[in-house]
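In what follows, a single structure is set out as structure tokens and then discussed.
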Amino acid sequence: MPQTSRRGLLFGTAAVSAGALLTACTSNEPKNSAPAADNAPAADDKPGTPVTIGFAGPQADHGWLNAINQNAKRRAEKYSEITLEITEGSNDTAAQIGQIQTLINKKVDVLVILPADGKALTQVGLQAMKAGIPVINLDRVFASPQAYRCWIGGDNYGMGLNAGRYIGEQLKDKPDAKVVELAGLDNLELTKQRTQGFDDALKNYPNIRKVARQAAEFTVESGQAKMAQLLQAQQQFDALWNHDDDQGVGALRAIQQAGRDDFLMVGGAGAKSAMDAIKAGDSVLRATVLYPPTMAASAIDLARALGQKKGVGGMSELEIPASITLYSAVVTKDNVDEYLPTGFS
């Protein structure tokens, strides 16, 4: 999966834009008064100080999680001075803690951790930080900011918000429009955030009502089963928002089996299968809202910069940021070719 997407915010267009802004802001200064960024070492593609990065993520039992691992591996391979120590991954909290403690004992320079459960793994993040190993907390946030040096992840609320906005704009002229929601696991905070963002967006469209919601389990099988229930209970609606493209594969099967094509569907996360369907235009799926696994590649970039005591290209600060929230772009037929290289299997 290509890593140089338009969301490669660390060293791509964001850096260029920030650099251009700095130039514009300092163009009237005397020539001997250089901007701060000129004196700050920023990470770039040139080989630098060797850095050993420990990477610990959950078990790759889902397309998005597998893409996280692949993004991290491929980004690390780009840099000759990076050694990546990667664990097998586990959804068992105790097992993942053990894997991270092994990396701490190996005295890696920086840790990148996507915890199976952020709250449950907070203590091991604190342990690493106390041992002098800075932690890049990837996506599922630890319960204490003291457990990480930098957090980078997706915007679950923004994902729901942008899904709601897209559906709202498609239905804004339709009287008494009805929408349904196929959510993910309800015991996860991210699912609640996605629903909250979706509901808040719909408040801007008084002609639209959410008439049903079902929670699935981020799997193909659960998506098919729960979508079948929604279709049976709701004989007519105008739009569906599905939180996850993996469970969306099952949802589309249920929709096809029911012979329904009287509504539009918006997916979530950015799977290649969803983007292919959007491009083909032969199903109800019209868009997907990204939750980009390229964040793992960016986490490696951040860890490398941290290990080499450098800042982020295009920013004046000597240090990397404390947190980075990625944007949940909406992929439609109009822009799918631009995002297709980042789609995950």
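Which FRET efficiency value, to the nearest 0.05, do you get for Gln123 and Val211 by plugging their Cβ-Cβ distance into 1/(1 + (r/R0)^6) with R0 = 30 Å?
For R0 = 30 Å, the calculated efficiency reads 0.10.
For the chain, the solvent-accessible area works out to 45 Å² per residue, with a probe of 1.4 Å and every protein chain left in place.
Expressed as a whole number of Å, what is the distance separating the alpha-carbon centroids of segment 127-169 and segment 304-345? Each part reduced to its Cα centre gives a spacing of 13 Å. Mean projection of the Cα convex hull over all viewing directions, computed for the chain: 18.9 nm². When peptides 277-285, 130-138 are sorted by average Cβ neighbour count within 10 Å, with the highest value leading, the order is 130-138, 277-285.
On the accessible surface of segment 131-245, probed at 1.4 Å, how many percent belong to carbon and sulfur atoms? Accessible surface attributable to carbon and sulfur in segment 131-245 totals 47 percent. Close Lys pairs in segment 211-345 (alpha-carbon distance under 29 Å; sequence gap of 8 or more, or different chains): 5.
Using helices alone, I'd like the mean residue ellipticity at 222 nm for the chain: each DSSP H run of four-plus residues gives -39500 (n - 2.57), total over residue count, nearest 500.
When only DSSP H runs of four or more count, the value is -12500 deg cm²/dmol.
For the options Arg304, Arg286, Arg209, a Gaussian network treatment of the chain with springs between C-alpha atoms closer than 10 Å singles out Arg209 as fluctuating the most. Scoring 287-295, 44-52 by mean Cβ neighbours within 10 Å over their residues and listing the highest first yields 287-295, 44-52. Taking amide H atoms as placed 1.01 Å from N in the peptide plane, the amide H of Leu264 lies under 5 Å from those of Ala239, Leu240, each 5 or more residues away in sequence or on another chain. For segment 154-294, what does the alpha-carbon gyration tensor say about shape, rounded, prolate or oblate, given a ≥ b ≥ c as the root eigenvalues, a/c under 1.5 as rounded, and a/b over b/c as prolate? Cα axes put segment 154-294 in the rounded bin. Other residues whose C-beta falls under 11 angstrom from the C-beta of Gly223 contribute a net charge of -3, scoring Lys and Arg +1 and Asp and Glu -1. Restricting attention to segment 33-176, the count of lysine pairs at 8 or more positions apart or across chains with alpha carbons under 30 Å apart stands at 16. When each of the peptides 85-91, 211-217 is scored by how many other beta carbons lie within 10 Å of its residues on average, the order from highest to lowest is 211-217, 85-91.
Classify segment 58-103 as rounded, prolate or oblate, taking a ≥ b ≥ c as the square roots of the eigenvalues of its Cα gyration tensor: rounded when a/c is under 1.5, otherwise prolate if a/b is larger than b/c and oblate if not.
Note, shape of segment 58-103 comes out oblate.
The values are calculated or read from the model by the stated rules, or taken from the named source; none is laboratory data. Everything numeric in this text was worked out from a predicted model, so none of it was measured. All Cβ positions, even for glycine, are placed from backbone atoms using ideal geometry, and neighbour counts span all protein chains on display. The protein model used for the area step is the full one, side chains on, heavy atoms only, and it has no ligands, DNA or RNA in it. Shrake-Rupley method; radii C 1.70, N 1.55, O 1.52, S 1.80 Å.
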